[in-house]
1. Is there a residue being closer than 30 Å to residue 117 by Cα and surrounded by 15 or more Cβ atoms within 10 Å (Cβ to Cβ) anywhere in segment 12-30?
2. Scanning segment 34-47 for residues that are within 15 Å of residue 163 (Cα to Cα) and in contact with a strand residue (DSSP E or B) (Cβ under 6 Å, 6 or more places away or on another chain), which turns out surrounded by the fewest Cβ atoms within 10 Å (Cβ to Cβ)?
3. What do you reckon, is residue 87 at pLDDT below 90 and out of contact with any helix residue (DSSP H, G or I) (no Cβ under 6 Å at 6 or more places or on another chain)?
4. When you scan segment 95-107, do you find a residue that is part of a strand (DSSP E or B), surrounded by 14 or more Cβ atoms within 10 Å (Cβ to Cβ) and touching a residue at least 12 places away in the same chain (Cβ under 8 Å), even just one?
5. Just give me the residues in segment 108-158 being assigned to a loop (DSSP other than H, G, I, E, B) and surrounded by 15 or more Cβ atoms within 10 Å (Cβ to Cβ), in sequence order.
6. Looking only at segment 121-143, filter to residues that are within 12 Å of residue 55 (Cβ to Cβ) and touching a residue at least 24 places away in the same chain (Cβ under 8 Å); which one of those is nearest to the chain's Cα centre (by Cα)?
7. Identify, by number, the condition in (1) out of contact with any strand residue (DSSP E or B) (no Cβ under 9 Å at 6 or more places or on another chain); (2) touching a residue at least 12 places away in the same chain (Cβ under 8 Å); (3) surrounded by fewer than 17 Cβ atoms within 10 Å (Cβ to Cβ); (4) within 17 Å of residue 73 (Cα to Cα) that residue 161 doesn't meet.
8. Would you say residue 54 is in contact (Cβ under 8 Å) with a residue 24 or more places away in the chain and either more than 26 Å from residue 117 (Cα to Cα) or surrounded by fewer than 20 Cβ atoms within 10 Å (Cβ to Cβ) (or both)?
């Protein structure tokens, strides 16, 4: 079974704070994921996003004492289903532009090597550590670029879980 955490950057003025509308928006974005990924406005992580969050948990608070470690993966507020919403729609989160900027700053400052030194052995889970390291480095590189572009544009990020 394939399950993905899907990220989509979008101007806050172009979205509605409505689960049904956002679910349709994200479904359309998922159908066009390859093109949107190539355009730099979308990203996704297959199955291992919780482990990517564990990698970021190895970082400390930033110089202001803020703790942005969960922002890239779990940051944002849940968008509640409306009374008439289709309950089969995916869980959605909305990370508003200030949170996107904090996530981008965190990803720009954190050293993948330092994170891997702390958490890598645990995340490889007895498997091929070199392969796991490359996978996590790829996720980190993609997230850093994605959030950097979204923050620079002043965008929000919508997140959906697709099964």
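The values are calculated or read from the model by the stated rules, or taken from the named source; none is laboratory data. Since the model is a prediction, treat every value here as computed from it, not as a measurement. Cβ: placed from backbone, ideal geometry, glycine included. Neighbour counts: every protein chain shown.
1. If we filter segment 12-30 for residues that are closer than 30 Å to residue 117 by Cα, which is where we start, we get none.
No; the residues of segment 12-30 include none that is closer than 30 Å to residue 117 by Cα and surrounded by 15 or more Cβ atoms within 10 Å (Cβ to Cβ).
2. Restricting attention to segment 34-47, the residues satisfying the condition of being within 15 Å of residue 163 (Cα to Cα) are 44-47.
Imposing the further condition that a residue be in contact with a strand residue (DSSP E or B) (Cβ under 6 Å, 6 or more places away or on another chain) reduces the set to 44-46.
On the way: 44: 20, 45: 22, 46: 12.
Ranking the candidates gives 46 first.
3. On the way: at pLDDT below 90: yes; out of contact with any helix residue (DSSP H, G or I) (no Cβ under 6 Å at 6 or more places or on another chain): yes.
Against the criterion (at pLDDT below 90 and out of contact with any helix residue (DSSP H, G or I) (no Cβ under 6 Å at 6 or more places or on another chain)), residue 87 qualifies.
4. We begin by selecting, within segment 95-107, every residue part of a strand (DSSP E or B); these are 95.
Next, only the ones that are surrounded by 14 or more Cβ atoms within 10 Å (Cβ to Cβ) stay: 95.
With touching a residue at least 12 places away in the same chain (Cβ under 8 Å) added as a condition, the list becomes 95.
Yes: segment 95-107 contains one or more residues that are part of a strand (DSSP E or B), surrounded by 14 or more Cβ atoms within 10 Å (Cβ to Cβ) and touching a residue at least 12 places away in the same chain (Cβ under 8 Å).
5. Keep residues of segment 108-158 that are assigned to a loop (DSSP other than H, G, I, E, B), which gives 110-111, 125-128, 154-155.
Those that are assigned to a loop (DSSP other than H, G, I, E, B) and surrounded by 15 or more Cβ atoms within 10 Å (Cβ to Cβ): 110, 155.
6. Out of the qualifying residues, it is 143.
7. Only one criterion in (1) out of contact with any strand residue (DSSP E or B) (no Cβ under 9 Å at 6 or more places or on another chain); (2) touching a residue at least 12 places away in the same chain (Cβ under 8 Å); (3) surrounded by fewer than 17 Cβ atoms within 10 Å (Cβ to Cβ); (4) within 17 Å of residue 73 (Cα to Cα) is unmet by residue 161, namely (1).
8. Details: in contact (Cβ under 8 Å) with a residue 24 or more places away in the chain: yes; either more than 26 Å from residue 117 (Cα to Cα) or surrounded by fewer than 20 Cβ atoms within 10 Å (Cβ to Cβ) (or both): yes.
Answer is yes for this residue.
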